[in-house]
1. Can you check what the net charge comes to around SER130, using other residues whose Cβ is under 12 Å from the Cβ of SER130 (Lys, Arg +1; Asp, Glu -1)?
2. Using the heavy atoms of the protein chains and a 1.4 angstrom probe, tell me the accessible area per residue for the chain in square angstrom.
3. Could you derive backbone 3J(HN,Hα) for the range 64-78 from the dihedral phi with the Karplus parameters 6.51, -1.76 and 1.60 (θ = phi - 60°), listing whole Hz in sequence and x where the residue is Gly or Pro?
4. Any idea how far apart THR31 and HIS202 come out in nm if each label point goes 7 Å out from Cα toward Cβ?
5. With only alpha-carbon atoms in the gyration tensor, what are the semi-axes of the equivalent ellipsoid for the chain, in Å, largest first?
6. Taking the dipole about the Cα centre of the range 132-190, with the C-beta of Lys and Arg at +1 and of Asp and Glu at -1, give me whichever of ALA173, GLY183, ALA142 is farthest to the positive side.
7. Determine the calculated [θ] at 222 nm for the chain from helices alone, applying -39500 (n - 2.57) to every DSSP H run no shorter than 4 residues and normalising by the residue count; nearest 500 deg cm²/dmol.
8. Could you size up the charge dipole of the chain around its Cα centre, putting +1 on the beta carbon of Lys and Arg and -1 on that of Asp and Glu, and report it in debye to the nearest 20?
Amino acid sequence: MPTSPALPLIMVTNDDGIDSPGILALRDAMTAVGRTIVVAPERDNSAVSHALTMSRPLRIRRRNQDTYTLDGTPTDCVVIGLGKLLDARPDLLVSGINPGPNLGDDISYSGTVSAAIEGTMYGIPSVAFSLVGEPPYDYALAMRIAITLAETVLADPLPDNTLLNINIPAGKACAGMVITRQGRRLWENSIQETFDPWGRRHYWIGGGTPLRDHGEDTDVAAIHKGLVSITPIHLDLTNHSGLHLLRGTWDLDRMQDKVAPANRGHRDNT
Ligand code: MN
């Protein structure tokens, strides 16, 4: 438990919407750890990634004490929640529990993870939770994992600019926990071709078969082995080894000459 005498303040959000059983489970779990405030989208916003709504106003509705909905995205909920709804800076932000995994490349589409990215951008320790399996989801194990991780993060701060992406295997028990790196998860045959009643062709993205990589230390491999996957995600998307490689090999002066030769010593003022 945290050493602070005051109860920690925990902001709870998700991408599946306020009526998702996953956020109710996460809110219930977090009441064992601190004081919770829920700010969640009105409707399902899965796969909206880190979208911020700038084209229209956003409306807050209060469901009950400490529970608010917003007609926007998970990122909108974090921005408005932190900026307008919470009376103090939260000690922790949690997102989920998403029904279904957020592994490997799927992280970049995930609204669940993006809410935690937004929290991290504000300097708030942030954790995203996803549960592997099929409906109906049993959140009991995921709730215990969420409590343990929340207590750990509150007691032992995360590295700077780093959130945790947690994936929990299906079932009532897990074989253990492991710290992982983000794997690869590409999808084969994930575009379905359909026809509308007038015979017009449509495409529906979804389904298909995930193609896994075989890195033993990845989030994908951990879930395959029935382990809870804990991936530290860094906000700096720079490929630092790639940066050094490009600096060492690309001839930027030559590229600049092609773009604007007059600017590099061959100036002709006629
Ligand atoms: Mn979702």
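The values are calculated or read from the model by the stated rules, or taken from the named source; none is laboratory data. All values reported here derive from a predicted model rather than from experimental measurement. Here the Cβ is made from the backbone with ideal geometry for all residues, glycine too, and neighbour counts use every protein chain on show. These area figures cover heavy atoms from the full protein model, side chains too; ligands, DNA and RNA do not enter into them. Shrake-Rupley method; radii C 1.70, N 1.55, O 1.52, S 1.80 Å.
1. For residues surrounding SER130, the net value is -4.
2. On a per-residue basis, the chain sits at 56 Å².
3. 6, 4, 6, 9, 10, 10, 9, 7, x, 8, x, 5, 4, 4, 5
4. 4.1 nm
5. 36, 25, 23
6. Looking along the dipole axis, the top candidate is GLY183.
7. -7500 deg cm²/dmol
8. 400 debye
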